[in-house]
Amino acid sequence: MSFLQRLLHGPSKYPFLTPPSPHYSTSYSYCSKQESSHPQTRPYPPLTQQQLSNLNHLLPRLLSQPDHLPTALRLTSAALHTTTPLHALPLSPLIHSLTSHPDTSPTFSLLTRLRHAPQIHHHISPIALMLLTSYFNNRMCKAALAVFRWLRRPDSPSPPTRQVYEVVIEGLCRNGFMFEGLSAARDMVVAGELVAPCGSLREWIYRGMLKEARVEDAVELNNAILGFEKCSGSDDEEECKERILAVLERVIARWNE
């Protein structure tokens with residue numbers, strides 16, 4: 001019987017996880033070598049309503065005890081291997097627990113599990129978005145930056161989406177990390193994820209730069225983004241993007257002068 005089934009007390013339909021050893025480690029380093037050595041490409045059936053109900057009751061109980069967080073991560077990973085819709089899984093308590101933790105080890109344990117399972121790579125972006133939003137709400141900008149940089153790694157199976165960039169840039173600018181926010185904005189333009197309208201994104205960048213007393217740079221960049229919004233969809237769109245990129249490169253280069 002699989003680890004998931006043992007915990008949810010249901011019939012065994014999920015052979016992709018072996019039962020946990022009675023002596024298995026509670027550290028976060030165990031996360032995927034054994035499980036990834038038996039790759040599974042076919043999706044597993046969705047959890048039943050009873051199993052979802054059990055999961056909803058069990059996961060918060062595990063998360064309430066710090067020593068059981070690795071077990072909660074393994075249980076969540078198992079549930080993500082099924083075809084159960086992401087919105088049906090009780091991820092909010094897990095996200096809250098991870099982003100309240102004093103370090104990012106458990107967060108990267110979960111992300112590494114997802115990375116080593118190609119059949120669930122599509123879950124990385126929405127889960128990363130939840131993590132980023134929660135980290136910024138908790139004013140844990142360095143942790144959020146670590147997640148963002150993990151997504152931007154050359155071997156990342158899920159590069160940042162437009163929505164991820166927007167959350168990161170807004171969160172950084174709102175919390176006074178303007179250099180990092182501008183760097184993320186440059187990455188967004190280079191990645192081709194900047195799409196008009198840029199409304200709130202432009203406003204957060206503009207306000208943040210004014211707080212840093214970078215008035216001339218703020219006006220120049222704001223005008224460049226407004227120009228891009230006006231020419232969006234026209235033959236001049238790429239030229240307008242290049243103008244934004246040029247301003248960003250110039251502002252970033254002289255930020256610490």
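The values are calculated or read from the model by the stated rules, or taken from the named source; none is laboratory data. Every value quoted in this text rests on a predicted model; they were computed, and no experiment measured them. Neighbour counts are summed over all protein chains in view; Cβ atoms, including those assigned to glycine, are modelled from backbone coordinates with ideal geometry.
Just one residue in the set LEU111, LEU86 is in contact (Cβ under 8 Å) with a residue 40 or more places away in the chain, over 30 Å from MET209 (Cβ atoms) and touching a helix residue (DSSP H, G or I) at 6+ places or on another chain (Cβ under 8 Å); that residue is LEU86. Just to be sure before I move on: is GLY227 over 27 Å from the mean Cα position of the chain (by Cα) and more than 22 Å from ALA143 (Cβ to Cβ) in the structure I sent? Taking the combined requirement at face value, the residue satisfies it. It is to be established whether one or more residues within region 212-235 are crowded, with 19+ Cβ neighbours inside 10 Å, touching a Pro at 6+ places or on another chain (Cβ under 9 Å) and in a helix (DSSP H, G or I). Checking region 212-235: not a single residue is crowded, with 19+ Cβ neighbours inside 10 Å, touching a Pro at 6+ places or on another chain (Cβ under 9 Å) and in a helix (DSSP H, G or I). Restricting ALA185, ALA146, ALA191 to residues that are within 29 Å of HIS81 (Cα to Cα) and among the aliphatic types (A, V, I, L, M) narrows the list to ALA146.
If you take the residues in region 33-50 that are out of contact with any Ser or Thr (no Cβ under 9 Å at 6 or more places or on another chain) and modelled with pLDDT of 85 or more, which one is surrounded by the fewest Cβ atoms within 10 Å (Cβ to Cβ)?
GLN49
Where helices (runs of 4 or more DSSP H) sit wholly within region 80-189, those with at least 3 residues that are on the phi < 0 side of the Ramachandran plot and among the charged types (D, E, K, R) occupy 162-174. Is it true that LEU75 is in contact with a Ser or Thr (Cβ under 9 Å, 6 or more places away or on another chain) and either free of Cβ contacts under 8 Å to residues at least 40 places away in the same chain or part of a helix (DSSP H, G or I) (or both)? Taking the combined requirement at face value, the residue does not satisfy it.
Scanning region 89-136 for residues that are among the aliphatic types (A, V, I, L, M) and either under 17 Å from THR161 (Cβ atoms) or loosely packed, with under 15 Cβ neighbours inside 10 Å (or both) yields a count of 10. Cβ-Cβ contacts under 6 Å between residues 6 or more apart (or on different chains), taken from a first residue in region 173-201 that is in contact (Cβ under 8 Å) with a residue 12 or more places away in the chain to a second residue that is among the polar types (S, T, N, Q), are listed as ALA196/SER232.
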